[in-house]
1. Put D162, D516 in order of accessible area, largest first, 1.4 Å probe: what do you get?
2. Please turn the phi angles of region 196-211 into ³J(HN,Hα) values with the Karplus equation 6.51 cos²θ - 1.76 cosθ + 1.60 (θ = phi - 60°), one per residue in order, whole Hz, x for glycine and proline.
3. If you roll a 1.4 Å probe over region 166-226 with all protein chains in place, what percent of the accessible area is carbon or sulfur?
4. If you stretched the chain out fully between S32 and R480, how much longer would it get, using 0.36 nm times the residue separation minus the C-alpha to C-alpha distance?
5. Describe numerically, in nm with one decimal, the distance between label points set 7 Å from Cα along Cα→Cβ at T429 and at Q84.
6. Through the Karplus equation 6.51 cos²θ - 1.76 cosθ + 1.60, θ set to phi - 60°, convert the phi angles of region 130-135 into ³J(HN,Hα) values in whole Hz; use x for Gly and Pro.
7. Which of K258/K509; K17/K258; K394/K457 have a Cα-Cα distance over 32 Å?
8. Under the Kirkwood approximation applied to all pairs of distinct alpha-carbon atoms, what is the hydrodynamic radius of the chain in Å?
Amino acid sequence: MSEKALRVLACGDVYGKFDLLFNRVRQIQKKSGEFDLLLCVGSFFGTCPESEALWQEYKSGVKQAPIQTYVLGANNQDTVKYFQDVEGCELATNITYLGRKGIFTGASGLQIAYLSGIESSSEPAPAYCFSAKDVTSLKMSLTTNSKFRGVDVLLTSPWPRDVWNYGNAPIDIDVKTCGSAAVAGLASSLKPRYHFSALQGENYERLPYRNHVVLQENAQHVSRFIALASVGNPAKKKYIYAFSIVPLSRMEAAELVKQPLDVTENPYRKSGREAKKSLGAKAAEEEEPAQQFFFDLNKQQGKKRHSDGKAGHQTKQPRKPPQPTGPCWFCLASPEVEKHLVVSIGEHCYVALAKGGLTSDHVLILPIGHYQAVVDLSSEVVDECEKYKASLKKFYKSKGKRFVMFERNYRSQHLQLQVVPLPLSCCTTDDIKESFIVQAQEQNIELLEIPEHTDIKQIVQPGTPYFYVELDNGEKLFHRIKKNFPLQFGREVLASEAILNIPTRADWKACKLDPDEEGSQAKAFRRDFEPFDFSSQD
């Protein structure tokens, strides 16, 4: 970094344990050097007589904070008395109340947005609460500037609702009730590089998340959310966090937008499924039921019945799949389908052995209806695809194998998710990833790494040709096809000497078996997979 970084400490609820906090700060500074400021979120003051008496020592100057300290306002009626000026004021030497809401910009250029109190549903809000108007006012004070890119730090006492979406889940937290939707909306708009909260008594550091849609918007900086426990908590959970930061306004653009390897999707951005749900009941009433086709696979699928279109527990899809323009080898209702290869049938998807598979247990996950690509799938089909992927992962693991999945949405009429198992002994996940990247470079194919929790629908629009790979650890590689693309690329990589070392099997046509052999393989696979197959279980 060309600019000198500020060294900052953040802490959770103090609850009047001022000596404990500031002694800890002194220890940190003695060990690690001086810090520039301390930011406190949650409840700074306690309600017991001892903490009030201790505060008088700091207020009178008998004791002093060892570092410039900034605090948020009250979160309950009992501590409102300590905050006389809602606009903010100095409470004691080196201890400053930031105010009800606003922006603090230090001499260094560091920009800190803050919102005091807990969320109120009424107007006017109590003195220890913020209202929807407060949140809107804070947003507008920043986002109306056309040059606004985000803030360096956001301080709130409540957690933002749904911050764990697409990321690592917090422990010992009820995600159904935790957090404020208003704070989530504020964080979404202000794009803080660091967002600190408290009140829950837990330490939770969410994986960093991006503030742009990959390949659709210009790259932006990532955000980090950190919740801190209370000072001196008996469980010894982390209540103080140290970090270095160069103000956003002083950073080189290329440095600012660097994406860490563990970055995830934005937790506040609605997925395609959620966006559809928000359209309301009217859209639901207009949904058409999907056609379902079931076949007798050695009596193992006997509990499934042909849908007769009558009322009952018939599953609905948001729209009827488009119909193929000509014969389709993969629509399950089509006479062209080689049904002896089918090994499992669900409500919306089915699994079949790959014709001319790289291995005897190479399978395809396919939608029953006619869809061309993953980005075209309805939410119900996506959900069932995920179920099949999870079942196959468990199945292959029981056989000492991992799987690689890839899709080529190019010169293909019907979606085929190729699932290829690989012995654990033949290569690591990193080996597979490296092979795809190296062989792509050799053929001038740009494979981009996209995070595990990224929804492919947010990267590419329906109708756009693409190729993508998903590894067994959730990592994904993506290529937007612009011109010609080698049709067997996925197979070529996996068949290469670096992976399976069966290069002669890269072309599926060279691996075809007669129908009897295919039927025997399908029967064996179906038998072994049955204990893992959710579609065959009650």
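The values are calculated or read from the model by the stated rules, or taken from the named source; none is laboratory data. Keep in mind the model is a prediction, meaning the values are calculated, not measured. Neighbour counts run over all protein chains shown; Cβ positions are idealised from the backbone, glycine included. All accessible areas refer to the heavy atoms of the entire protein, side chains included, with ligands and DNA or RNA removed. Shrake-Rupley method; radii C 1.70, N 1.55, O 1.52, S 1.80 Å.
1. Working: D162 65, D516 120 Å².
Ranking D162, D516 by accessible area, largest first, yields D516, D162.
2. Couplings: 10, 9, 8, 6, 8, x, 10, 9, 9, 10, 6, 4, x, 10, 8, 10 Hz.
3. Numbers: 1060 of 2330 Å².
Percent of accessible area from carbon and sulfur atoms in region 166-226: 46.
4. Working: separation 448, 0.36 × 448 = 161.28 nm, distance 4.70 nm.
Length gained, S32 through R480: 156.6 nm.
5. The modelled label-to-label distance comes out at 5.8 nm.
6. 10, 10, 4, 5, 4, 5
7. Values: K258/K509 44 Å; K17/K258 39 Å; K394/K457 26 Å.
Those over the limit are K258/K509; K17/K258.
8. On the way: mean 1/r = 0.0374 Å⁻¹.
About 26.8 Å for the chain.
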